[in-house]
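S.K.: My questions all concern the structure below.
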Amino acid sequence: MEEEEKIHIIAYGNPLRQDDGVGWRAAQHLREFFQDDPVEVIFRQQLTQDLALAVSNSYHVIFIDSEFGNTPGTITHRKLVPARHLSSTITHHLTPAELLALTGILCGQVPRADLVTITGAAFDVNEFLSPPVEAALPALFKLIEGIVNPLPNKSI
Amino acid sequence: MTKQIVIDPIHRIEGHGKITIRLDKDGQVEDAAFHVTQFRGFEKFCEGRPYYEMPSLVERICGICPISHSLASAKACDAIEGVRIPAAGKKLRALLNFGEFIQSHSLSFFHLTSPDLLLGFESPPEKRNLLGVLEHHPQVAADGIKLRSIGQKIIECLADKRIHPAWVVPGGVGTALSKENLDNIAGLLPEAKTIVLRTIDWFKTSFEKYREEIKTFANFPTMFMGLVNGSDNLELYDGTLRYIDYQGNIVANQVPPDRYMEYIGEATEANSYLKSPFFKPLGYPEGIYRVGPAARLNVCNGCGTPLADQEWAEFKGLEKGPVLSSFYNHYARLIEILFAVEKAEALVADEEILNSKVRSHAQPNFSEGIGVVEAPRGTLFHHYRVDDNGLITWANMIVATGNNNLAMNKGVLQVAKHFIRNETISEATLTRLEAVIRAFDPCLSCSTHALGNMPLHVQMLSADGRLINEAFR
């Protein structure tokens with residue numbers, strides 16, 4: 001399979017900040033689950049410019065992150081489009097939409113993109129997830145599997 | 001009445017600093033200084049830690065050049081153990097260092113400096129940033145991001161993480177290199193070479209546009225210091241120290257790094273946390289010297305790799321003696337990226353680098369160790385003393401940026417005197433004041449570790465304000 005036919009899963013967050021580390025946990029699981037598939041799983045503490053090079057080499061990118069909200073453990077799935085403007089902070093970190101926009105500027109093409117988040121309950125300095133986020137992980141994995149492969153032939 | 005101009009913060013440098021300029025009663029520049037306003041303190045809080053923790057611990061000094069700190073630290077620890085590093089371990093350390101030079105120099109040139117060069121010192125500051133480069137010169141922006149990514153990928157292939165990998169250890173490195181990762185690194189180098197050659201071709205044909213900056217960006221006589229290898233060529237990991245004067249005469253040669261204290265003194269100034277190292281035989285502040293890319297190319301007799309040697313010859317041809325203008329640090333940075341790529345090519349072609357013996361093991365056998373490497377910004381010293389249990393009792397770090405402190409101050413003054421007239425400071429002048437600092441690519445997060453030796457000056461005044469007595473410490 002050509003590089004351009006790859007799917008990239010980019011999970012990000014801080015594993016030392018409880019639920020912000022859900023991307024780290026997801027990446028560990030998904031990397032093993034998709035090891036025989038044309039899926040590359042990348043984990044980063046934050047999104048940086050160089051990821052535009054990976055994004056430009058894929059036809060579909062799925063971002064995984066945590067977010068603030070009222071109902072911890074809630075999984076939200078959004079379709080993403082490139083940001084209309086880039087902020088000056090892109091030298092340090094980018095949002096997923098900014099990363100798509102940067103990819104378009106640098107490489108002339110932007111893949112299909114999704115953002116999947118889990119609403120977190122705790123973001124203190126700890127390495128474990130809060131119970132509602134931990135409980136939501138199987139559903140998160142199932143959703144990602146469905147996005148990657150709409151007709152799944154293996155179970156998580 | 002005198003007037004003071006403060007530029008705070010300085011943008012597009014690593015860390016936090018400010019510039020102050022003092023004008024006399026006629027509105028002419030009287031003095032100027034660069035202040036580092038943040039404090040890190042690693043020299044002090046490393047005390048009490050086991051020596052073998054140091055390479056990992058000091059990586060946290062910096063997110064840009066953690067590799068340099070881990071290498072200098074590990075070399076100090078090697079000396080404490082008294083071990084000989086296996087050949088493969090030494091080559092892997094060197095390769096790691098080349099990866100860091102590629103990524104760090106790319107960051108400096110493309111992300112921090114190219115907005116000034118490509119968009120112009122006169123362009124609006126809100127547009128003069130990486131976004132502006134992306135908009136008007138997307139190929140250059142793409143080259144910068146790609147080249148930096150290649151350096152980071154080399155580090156990741158070797159050490160498993162791009163930043164703070166904790167892979168360099170006393171006695172060698174933590175793990176051997178796999179054939180797969182060797183091939184991955186080898187596959188990255190051709191594109192790196194293409195990009196840096198393209199960038200050099202563009203940059204050196206544009207020097208004419210920067211005549212004013214070349215003339216005024218820390219363009220004055222000083223000494224230069226750097227490591228050279230046994231053939232007197234450019235050396236980034238090992239070698240001996242060489243000092244030259246502003247005319248190119250060798251002042252001190254083949255100085256073993258562990259004798260650095262005979263040559264370098266450390267002064268402190270009241271208005272900055274950054275040390276002011278100086279060449280001891282000349283004293284403070286006369287013993288001003290510079291380190292970093294241009295200094296290294298000034299002190300060596302060549303690079304020792306074909307393409308970098310061609311560029312080095314052109315670099316040396318810029319002036320009759322040493323290249324004095326710190327503006328040319330930007331050119332020297334590109335030459336060093338090319339050098340790093342060529343050296344990396346040679347290392348990945350060397351089968352010994354796959355040898356599984358990458359570390360020697362020992363207990364502490366000596367109570368003191370000194371490690372010196374060339375970091376992207378200049379010569380970096382780590383010096384530790386340990387007790388019988390191997391716990392750190394004293395640590396001294398002379399960080400690349402500190403070596404340049406006296407020169408940066410003088411450079412700010414030179415730019416201020418040239419561009420400021422009658423209290424008028426244009427945006428372009430402000431930009432150049434920042435840019436002269438940026439030419440040194442200072443890393444302020446790296447550079448402020450000493451506490452407790454700030455100069456003390458006590459004055460006793462009479463009721464009418466007359467000075468009765470004073471004391472200094």
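S.K.: Which one of B:131, B:112 is open to solvent by 20 Å² or more (accessible area, probe 1.4 Å), touching a Lys or Arg at 6+ places or on another chain (Cβ under 7 Å) and within 9 Å of chain A (Cβ to nearest Cβ)?
M.R.: Every option except B:112 fails the conditions.
S.K.: How about the range B:65-100: which of its residues are among the acidic types (Asp, Glu) and under 18 Å from residue B:361 (Cβ atoms)?
M.R.: Within the range B:65-100, B:78, B:81 qualify.
S.K.: Within the range A:99-110, can you find the residues that are within 14 Å of chain B (Cβ to nearest Cβ) and open to solvent by 20 Å² or more (accessible area, probe 1.4 Å)?
M.R.: A:104, A:105, A:106, A:107, A:108, A:109
S.K.: Any idea how many residues of the range B:258-272 are open to solvent by 30 Å² or more (accessible area, probe 1.4 Å), touching a residue at least 60 places away in the same chain (Cβ under 8 Å) and under 20 Å from residue B:230 (Cβ atoms)?
M.R.: Total meeting the criteria: 1.
S.K.: Follow-up. Surrounded by fewer than 16 Cβ atoms within 10 Å (Cβ to Cβ), assigned to a loop (DSSP other than H, G, I, E, B) and either away from chain B (no Cβ under 14 Å) or hydrophobic (A, V, I, L, M, F, W, C) (or both), is that true of residue A:128?
M.R.: Taking the combined requirement at face value, the residue satisfies it.
S.K.: Among the residues of the range A:39-49, are any within 14 Å of chain B (Cβ to nearest Cβ), assigned to a helix (DSSP H, G or I), open to solvent by less than 40 Å² (accessible area, probe 1.4 Å) and out of contact with any Cys (no Cβ under 9 Å at 6 or more places or on another chain)?
M.R.: No: zero hits.
S.K.: Can you tell me how many residues in the range B:141-192 are touching a residue at least 40 places away in the same chain (Cβ under 8 Å), among the aliphatic types (A, V, I, L, M) and either within 11 Å of chain A (Cβ to nearest Cβ) or closer than 30 Å to residue B:81 by Cβ (or both)?
M.R.: Qualifying residue count, the range B:141-192: 15.
S.K.: Within the range A:86-97, take every residue that is under 15 Å from the mean Cα position of the chain (by Cα) and open to solvent by 20 Å² or more (accessible area, probe 1.4 Å) and give me the one that is nearest to the other protein chains (Cβ to nearest Cβ).
M.R.: Restricting to residues being under 15 Å from the mean Cα position of the chain (by Cα) and open to solvent by 20 Å² or more (accessible area, probe 1.4 Å), the top hit is A:93.
S.K.: Continuing with the same structure: Looking at (1) more than 19 Å from residue A:14 (Cα to Cα); (2) hydroxyl-bearing (Ser, Thr, Tyr); (3) in a helix (DSSP H, G or I), can you tell me which one residue A:59 breaks?
M.R.: Residue A:59 satisfies every listed condition except (3).
S.K.: Additional query: Scan the helices (runs of 4 or more DSSP H) fully inside the range B:305-421 and keep the ones with 3 or more residues being of a type in the set (Gly, Ala, Ser).
M.R.: B:329-348, B:405-419
S.K.: Answer with yes or no whether residue B:346 is open to solvent by 10 Å² or more (accessible area, probe 1.4 Å), over 24 Å from residue B:436 (Cα atoms) and small (Gly, Ala, Ser).
M.R.: yes
S.K.: Let me ask something else. How many residues, within the range A:85-136, are over 29 Å from residue B:112 (Cα atoms) and small (Gly, Ala, Ser)?
M.R.: Matching residues across the range A:85-136 total 7.
S.K.: Among (1) open to solvent by less than 50 Å² (accessible area, probe 1.4 Å); (2) farther than 12 Å from residue A:55 by Cα; (3) in contact with a strand residue (DSSP E or B) (Cβ under 7 Å, 6 or more places away or on another chain); (4) not basic (Lys, Arg), there is one condition residue A:139 misses while meeting the rest; what is its number?
M.R.: Going through (1) open to solvent by less than 50 Å² (accessible area, probe 1.4 Å); (2) farther than 12 Å from residue A:55 by Cα; (3) in contact with a strand residue (DSSP E or B) (Cβ under 7 Å, 6 or more places away or on another chain); (4) not basic (Lys, Arg) one by one, residue A:139 breaks only (1).
S.K.: With the requirement that a residue be in contact (Cβ under 8 Å) with a residue 60 or more places away in the chain, closer than 19 Å to residue B:206 by Cα and of a type outside the set (D, E, K, R), what does the range B:112-128 give you?
M.R.: B:112, B:113, B:115, B:117, B:121
S.K.: If residue A:113 meets every condition in (1) assigned to a helix (DSSP H, G or I); (2) touching a helix residue (DSSP H, G or I) at 6+ places or on another chain (Cβ under 8 Å); (3) open to solvent by less than 70 Å² (accessible area, probe 1.4 Å); (4) not polar (S, T, N, Q) apart from one, which number is that one?
M.R.: So residue A:113 meets the others, but not (1).
S.K.: Moving to a separate point now. Give the residue that is nearest to the chain's Cα centre (by Cα), with candidates limited to residues of the range A:27-38 that are in a loop (DSSP other than H, G, I, E, B) and in contact (Cβ under 8 Å) with a residue 12 or more places away in the chain.
M.R.: Looking at residues that are in a loop (DSSP other than H, G, I, E, B) and in contact (Cβ under 8 Å) with a residue 12 or more places away in the chain, I get A:34.
For (1) basic (Lys, Arg); (2) at pLDDT below 95, each residue gets a yes or a no:
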| position | (1), (2) |
| --- | --- |
| B:91 | yes, no |
| B:119 | no, yes |
| B:128 | yes, yes |
| B:142 | no, yes |
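S.K.: If you don't mind, another one. Working carefully through the options B:395, B:428, B:435, find the one that is in contact (Cβ under 8 Å) with a residue 60 or more places away in the chain, closer than 17 Å to residue B:121 by Cα and in contact with a helix residue (DSSP H, G or I) (Cβ under 7 Å, 6 or more places away or on another chain).
M.R.: B:435 is the lone residue from the list that is in contact (Cβ under 8 Å) with a residue 60 or more places away in the chain, closer than 17 Å to residue B:121 by Cα and in contact with a helix residue (DSSP H, G or I) (Cβ under 7 Å, 6 or more places away or on another chain).
S.K.: Are any of the residues in the range B:273-295 part of a strand (DSSP E or B), touching a residue at least 60 places away in the same chain (Cβ under 8 Å) and open to solvent by 10 Å² or more (accessible area, probe 1.4 Å)?
M.R.: Yes, because at least one residue in the range B:273-295 is part of a strand (DSSP E or B), touching a residue at least 60 places away in the same chain (Cβ under 8 Å) and open to solvent by 10 Å² or more (accessible area, probe 1.4 Å).
S.K.: Do you know which residues across the range B:413-445 are more than 13 Å from the chain's Cα centre (by Cα), under 26 Å from residue B:63 (Cα atoms) and open to solvent by less than 10 Å² (accessible area, probe 1.4 Å)?
M.R.: B:431, B:433, B:435, B:436 - these are the residues of the range B:413-445 that are more than 13 Å from the chain's Cα centre (by Cα), under 26 Å from residue B:63 (Cα atoms) and open to solvent by less than 10 Å² (accessible area, probe 1.4 Å).
S.K.: Next up: When you check residue B:441 against the structure, is it among the acidic types (Asp, Glu) and more than 28 Å from residue B:128 (Cα to Cα), yes or no?
M.R.: Here the answer is no, as residue B:441 does not meet what is asked.
The values are calculated or read from the model by the stated rules, or taken from the named source; none is laboratory data. Here the structure is a predicted model, which means the values were calculated and not measured. Note that we place each Cβ from the backbone using ideal geometry, even for glycine, and neighbour counts take in every protein chain shown. With ligands, DNA and RNA removed, areas are computed over all heavy atoms of the protein, side chains included. Shrake-Rupley method; radii C 1.70, N 1.55, O 1.52, S 1.80 Å.
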